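Everything below concerns the one structure shown next.
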Amino acid sequence: MATVYDNLVGQDHASEILRAAVAASRTGVETQEMTHAWLFTGPPGSGRSSAAVAFAQALVCGYQGCGTCNECQSAANGSHPDVEIIRTEGLSIKVEEIRELLTRVAWAPSMGGWRVVVMEDADRLTESAANAMLKAIEEPGTRTVWLLCAPTLHDVLPTIRSRCRHIQLHTPSDEAVTQVLINRDGVTPAMARFAARVSQGHIGRAKYLAFNEGARSNRTTIMHLPLQLNSLAAAFKAAQTLVDLATTAANAASEVRDEKEIASLQEAYGKGATGRGMATGAAKAVKELEKEQKSRATRMVRDSIDGALLDIATFYRDVMMVQSGSSDAIINTDMVDAINAYAAKHPHHSTVSKISAIMEARTNLAHNAAPLLTCEALMCRLAKA
Ligand SMILES: [Zn+2]
């Protein structure tokens, strides 16, 4: 039978710990198994937030996480009165947001069990926000359970992580991702295998690729960029193509959401609004929302470029595999001829330095380097023999 734990793809050890915690939580008192602060870490795509949400569902479900009851469904879609899912759109979570959250969760759970807060990006807490939250986590006898998610332990302040029980998630195997795409999402086996392989264990990306033809065709264009780098002019052109594709993809995703948000905000202010005061209030709120949306759009473009760079890195990784005689381990099996030809023409040491150049560019982008400039510099390095 299906349960919420099916969403923890390839994470048997974590599932076991969480099941034990849910069973222990029924007593309502804090035990060794059931504590009220948890930290989920794992590489991108390992399903940190899916795991945390599944745990939240199981904590409020009368059947320890059936996945189908009202409790389970409303917990997952954010409408459960005792489950709060904090998804960060901006680049950081500020202290005002945490204070506001703390006043909201100060009440006892309405259904009598636990009140659960899932924070998907605990690594984006500012220092003052983290300190404000620390007090709440330390509070004894609380009925609130904190489920924090971050890429690694080091992304969270030591004071916070030392108070959390740690759940380490791993990159699921290609096989585990393939199976979940076939069984849960109804993807055909051939497509599931392709999407799982090229997504390198990133479940969300695999699913997106499997269902989105535009994303697949963008990926093909991006994967062929390394083959076109035969001059400096070509390198600049490739950088522009990469940034354009990533920007278009990111903007298409945010436009629809932006419009919806503004419409619902205006509606909220429009209801029963009379007089100039309300109009000014609405205009101010819309302006603030637009500012937030702009910072989110910037982040989405950066994430999208980062994803493209990771894809390109798999090309050079495959070349390196061929050059070191392990051609059976290549990821991009659809490009095997091009990869073999490239491997024969270029020295092994340059492949290694190209991969580090890509990783360096990713680090620079994460530190707010200008996207086009960074990609141009990178493509020029990749264009060298
Ligand atoms: Zn349930």
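Among helices (runs of 4 or more DSSP H) lying entirely in region 1-105, which contain 1 or more residues that are within 12 Å of the ligand (Cβ to nearest atom) and modelled with pLDDT of 90 or more? Working first, answer last.
Numbers: elements: 12-25, 48-60, 70-77, 95-104.
Once the helices (runs of 4 or more DSSP H) in region 1-105 are filtered for at least 1 residues that are within 12 Å of the ligand (Cβ to nearest atom) and modelled with pLDDT of 90 or more, what remains is 12-25, 48-60, 70-77.
Does any residue of region 139-154 turn out to be part of a helix (DSSP H, G or I) and either within 26 Å of A366 (Cβ to Cβ) or under 24 Å from the mean Cα position of the chain (by Cα) (or both)?
Taking every residue of region 139-154 in turn, at least one turns out to be part of a helix (DSSP H, G or I) and either within 26 Å of A366 (Cβ to Cβ) or under 24 Å from the mean Cα position of the chain (by Cα) (or both).
When residues of region 84-126 are filtered for being open to solvent by 30 Å² or more (accessible area, probe 1.4 Å), of a type in the set (A, V, I, L, M) and over 18 Å from the mean Cα position of the chain (by Cα), how many remain?
Within region 84-126, residues that are open to solvent by 30 Å² or more (accessible area, probe 1.4 Å), of a type in the set (A, V, I, L, M) and over 18 Å from the mean Cα position of the chain (by Cα) number 4.
Where residues in region 161-201 are in a helix (DSSP H, G or I) and among the small types (G, A, S), which of them is nearest to the chain's Cα centre (by Cα)?
Within region 161-201, the first condition is being in a helix (DSSP H, G or I), and the residues that meet it are 161, 174-183, 189-199.
Remaining after also requiring among the small types (G, A, S): 176, 190, 192, 195-196, 199.
Working: A176: 19, A190: 25, A192: 20, A195: 17, A196: 16, S199: 13 Å.
Filtering first and then ranking leaves S199.
Among all residue pairs at least 6 apart or on different chains, which show Cβ distances below 7 Å where the first residue, located in region 42-66, is more than 21 Å from G307 (Cβ to Cβ) and of a type outside the set (V, I, T) and the second is more than 11 Å from the ligand (Cβ to nearest atom) and assigned to a loop (DSSP other than H, G, I, E, B)?
Correct list of pairs: A51/L8; A51/Q11; A51/L169; A54/L8; L59/G113; L59/W114.
Only one residue in A313, A366, A361 is open to solvent by 70 Å² or more (accessible area, probe 1.4 Å), within 27 Å of the chain's Cα centre (by Cα) and of a type in the set (G, A, S), so which one is that?
On the way: A313 fails: open to solvent by 70 Å² or more (accessible area, probe 1.4 Å); A361 fails: open to solvent by 70 Å² or more (accessible area, probe 1.4 Å).
Selected residue: A366, the only one of A313, A366, A361 that is open to solvent by 70 Å² or more (accessible area, probe 1.4 Å), within 27 Å of the chain's Cα centre (by Cα) and of a type in the set (G, A, S).
The values are calculated or read from the model by the stated rules, or taken from the named source; none is laboratory data. This structure is a prediction, so every number in the text was calculated from the model and none was measured. For neighbour counting, all protein chains shown are included, and Cβ atoms are generated from backbone atoms with ideal geometry for every residue, glycine included. With ligands, DNA and RNA removed, areas are computed over all heavy atoms of the protein, side chains included. Shrake-Rupley method; radii C 1.70, N 1.55, O 1.52, S 1.80 Å.
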